[in-house]
Every structure is written in C-alpha cells, then in structure tokens.
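What follows draws every value from the coordinates through simple rules; no lab data is involved. Given the structure is predicted, the values throughout are model-derived calculations rather than measurements. Here Cβ is always computed from backbone atoms with ideal geometry, including for glycine, and neighbour counts include all displayed protein chains.
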Amino acid sequence: MLNVDLIAVVVAALLPWSTSGVSIGMVVWLAALAATLELRPFLRSLQRPISALPIALVALAVAGTLWSDASWGARLYALSPATKLLVLPFLFYHFERSTRGMWVFVGFLVSCALLTVMSWLVAIDPSLSLKAPGEAGGHGIFVKNYIAQSQEFVLCTVVLAFPIFTLLRDGKIRQALLLTAVAASFILNMAFVIVSRTALVTLPIMLVVFAMAHLRWRTNVLLFIAAVVLGALAWTLSPQLQATTDKFSREYRIYKEFNEPTSIGLRLEFWEKSLRFFAEAPVIGHGTGSTRRLFEAAATGPAALAQGAVIGNPHNQTLNVAVQWGAVGVVILYAMWFSHFSMFRRAGLAAWIGLMVVLQNVFSSLFNSHLFDFHEGWMYVLGVGVAGGMVLRARSEAAESSRA
C-alpha cells in the first residue's frame, strides 16, 4: 500500500514537467495496485455512478468506432484521450483504503512551486527553456505550454485559499503566511510572466465559489473591492496582463474584418461548424475520430483563412463529444461531471480540492477540450480520483462511528 501511494506521489510531482513520465508512472502504479486489489470489493465499487459513468463514456467512444467512416488510425487516435478516464475507478478504490491521499496533493503543490521558480528563471534567461526559440507563448515556459502551466497555477492558488482561511481562523498565523506566500508566487508569475486567457476567466469564478462557500457577505464585499483595486493595479503595472486582455478584442476584430485565423476567430468558426455537424447526427453523432473529416469537407477557401481551417478538436469539450457521439455522449459527460461535483459537496480540504478540480475542468472546457487533453485531463483524473477516494473514506468512517 505504501509503495502504491508513493508511486502516485511521484506521478503527481511529474505532471507539471513530463508527459512520458506520467504515462510510464501510471502504468507502474496500476501494476503495483494489482498486488493489493481485492476483486469483489473493487467490482462492487464499479457500480457507483462516479465510476460507472466514466466507464460508460469510454465504452461509448469504443462503440463509436463502429459507425465512424474515418480511417481506423483516426478512430484509434481519437479514442486514446478518453481512455485515461478508466483510471478513475482504480483511484477511487485505492484512496478509499489509503490514509496518504494528501501526500499526492502536497507532491503536486511542491512541484508547481518549483515550476514557478523555473518559470522566472526562463523569463530572465530564455536559453534555459526546453521550448523552441521564439515559440509563440513560450515566454517564461520551461516545458509544456502556457495553458497547462496556467491551469496548474490557478488550481494551486484557489485550493490554497481553503487552508489559509482555516489556519487564520485557528490563529496559526505563521503557517497561513507561508501558504499565502506560495499562493502569491503563483499569482505574481501569472501577472508578470505569462498567463492564458482561459485562466483569466476561470480564476475569478473559482474564487467567487470559495467566497460564497466560506466567507460572510460583508467579508465578500470587502474582498471584492480589494480584488478590483488589486486587479486594476496589477493590470496597470503588468504589460503581460495588458497584452493578454487586449488580444480578446483585437483578435475578434481581425477575424471579423479580414477573416484571418486568430485564436478567438478560429474558435467561433469551429463552434459554428460543430453545431452544424451535431445537427446532422444529433443522437449518436458521426462516430469516433470523425471530426477532422467533417471539418475537411466543410472547409471553404484557402487554409490561410479562418473558414478554410481544418482541425480534429473543436476546442470545446461538449461539442467535441456531441460531434462524435451525439446527445447520448453529452448526457453521459454531464452526468459524470455532476456525479463528481455532487461527491464533493461536503466540508473538508479533500472535498474542496475535488470540487475545484471539477469546476476548473467544466469551465475551462468551454474554451478547450480539457478532459481529453493530456495534461488537463490527467489533472482531472488524479485530482478527482484521489480526492474522491479520500471523501469516500471519510464518509465510511463517519458512518461507522455513527453506528457505534
């Protein structure tokens, strides 16, 4: 059991840095788990909606390969991102038995804190980066990309708000100041080095959820005023924030006036076409891996224009599912999100972590297919799986104590 826990900690610590390391680590983790798995309790645990729904979504994706007219290579390639959801039932099962789930989150937090240091160093000396010189969005990025890095920093920032609040309430000022400094390091990095536009949207929403759940309305009013003042000050002092926010209006204007493929323009183009594809096959969709072929058929004009762009991912999780597996897939997706969200509607740090992981994935999936993306998808699987197991364990212990 200890070895299984330690491997999970290593995987969480590797997530901000390595793709292959996470893939290899999860295979090792599953192999180690097999030595401790009890078959009957595990099979019983699969009957819970939190486990059955991810399995159902993957099963639908497998079945969708049968009615897709894409090549088998494209079908299998599109199926692969969904299979990580099959790890969720194993994580629920193991961390319902383990007492060391918080080690995984501490490992992830420490790893992200080290990444902020590396990000500042790369911002000062770009030659330290492993990214290609001059790569778009590469400023302050040591490895991976600025969207993944921002997702990590936003999650750590909001999750830390709960223990900071708890420590202050208990009079543990030093510990609270230490965690506040860690959270501030994430915010400062996003403000003055690099941040994604998705993070700028999701961070305020998640902080509002925290305020509504844990603070009084008078405190919320004061914090709102302080946030507006500090936000305005940060925007004034940070050229990075100014450039990021200015992109919204500038890219939309360029797309509408010149039909150029800007980030916002392409998303609008992808979403409009995806809705048409969904309307053509609203029940079970066009099948697994069909998205690129549909965009190729719908492309008009040269590829240099937004209307001629071809992609296999419409940059919206709901539309990604709807195009391939129709309304059936969308219902299963939202039922899974809701079942995981409902599991974390209780007190405690583990429940708070799980709740924030679900909320971040749901809101960021409005602009990306983050559940199926490698990095953000594994953040969801590890975060929900480990926190869910911890919540289930706490629930079982509370039920046993009440019977006693």
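What is the spin-label model distance, in nm, from Ala399 to Glu38 if the labels are put 7 Å beyond Cα along the C-beta direction?
Output for this residue pair reads 1.4 nm.
Taking 0.36 nm per residue of sequence separation and subtracting the Cα-Cα distance, how much length would be gained by fully extending the chain between Val62 and Leu168, in nm to one decimal? All intermediate terms of the calculation are to be shown ahead of the outcome.
Values: separation 106, 0.36 × 106 = 38.16 nm, distance 4.94 nm.
Once the chain is fully extended between Val62 and Leu168, it gains 33.2 nm.
Indicate the helices, whole DSSP H runs only, in the chain that combine a mean Kyte-Doolittle hydropathy of 1.0 or more with a Cα extent along their long axis of 24 angstrom or more.
Numbers: long enough: 101-124 (36 Å, 2.14); 146-169 (35 Å, 1.30); 173-192 (27 Å, 1.59); 197-214 (27 Å, 1.66); 217-237 (30 Å, 1.64); 239-258 (26 Å, -1.25); 263-280 (26 Å, -0.01); 317-343 (29 Å, 1.04); 374-403 (43 Å, 0.15).
Counting only whole DSSP H runs, the qualifying helices are 101-124, 146-169, 173-192, 197-214, 217-237, 317-343.
Only helical DSSP H runs with n ≥ 4 go in: add -39500 (n - 2.57) per run for the chain, normalise by residue count and round the 222 nm mean residue ellipticity to 500 deg cm²/dmol. Don't skip to the answer; put the middle values down first.
On the way: 17 runs with 296 residues, N = 404.
Using -39500 (n - 2.57) per qualifying helix, the result is -24500 deg cm²/dmol.
In debye, nearest 20: dipole of the chain around its Cα centre with unit charges on the Cβ of K, R (+) and D, E (-)?
Details: 29 positive and 20 negative charges, 194 e Å.
Here the chain has a charge dipole of around 920 debye.
Once both labels are modelled 7 Å past Cα along the beta-carbon direction, what's the Leu76-Ile55 spacing in nm?
2.5
With springs only between Cα atoms under 10 Å apart, run a GNM on the chain and tell me which of Thr36, Thr65, Thr262 wobbles the most.
Looking only at Thr36, Thr65, Thr262, the biggest GNM fluctuation is shown by Thr36.
Give me the extension gain from Ser127 to Arg250: residue separation times 0.36 nm, minus the current Cα-Cα distance, reported in nm with one decimal.
Gain on extension, Ser127 to Arg250, equals 41.3 nm.
Report the charge-dipole magnitude of the range 95-171 in Debye, nearest 20, computed about the Cα centre from +1 at each Lys and Arg Cβ and -1 at each Asp and Glu Cβ.
With Lys and Arg at +1 and Asp and Glu at -1, about 180 debye.
Given the pairs Lys131/Lys172; Lys84/Lys144; Lys84/Lys172, which span a C-alpha to C-alpha distance of over 30 angstrom in this model?
Lys131/Lys172; Lys84/Lys172
Just to confirm my numbers, what's the Cα centroid distance between the range 270-285 and the range 103-169 in Å?
Using only Cα atoms to place each centre, the spacing works out to 36 Å.
Expressed as a rounded percentage, what relative contact order does the range 47-156 have, with Cα pairs under 8 Å and six or more residues apart?
17 percent.
If I build a Gaussian network model for the chain, linking alpha-carbon pairs within less than 10 angstrom, which residue out of Val381, Val330, Val28 has the largest mean-square fluctuation?
Looking only at Val381, Val330, Val28, the biggest GNM fluctuation is shown by Val28.
In vacuo Debye scattering of the range 50-195, one point per C-alpha: log10 I(q)/I(0) at q = 0.17, 0.22 Å⁻¹?
-1.03, -1.17
How far apart, in nm, are two points set 7 Å out from the Cα along the Cα-to-Cβ line at Leu178 and at Leu2?
2.4
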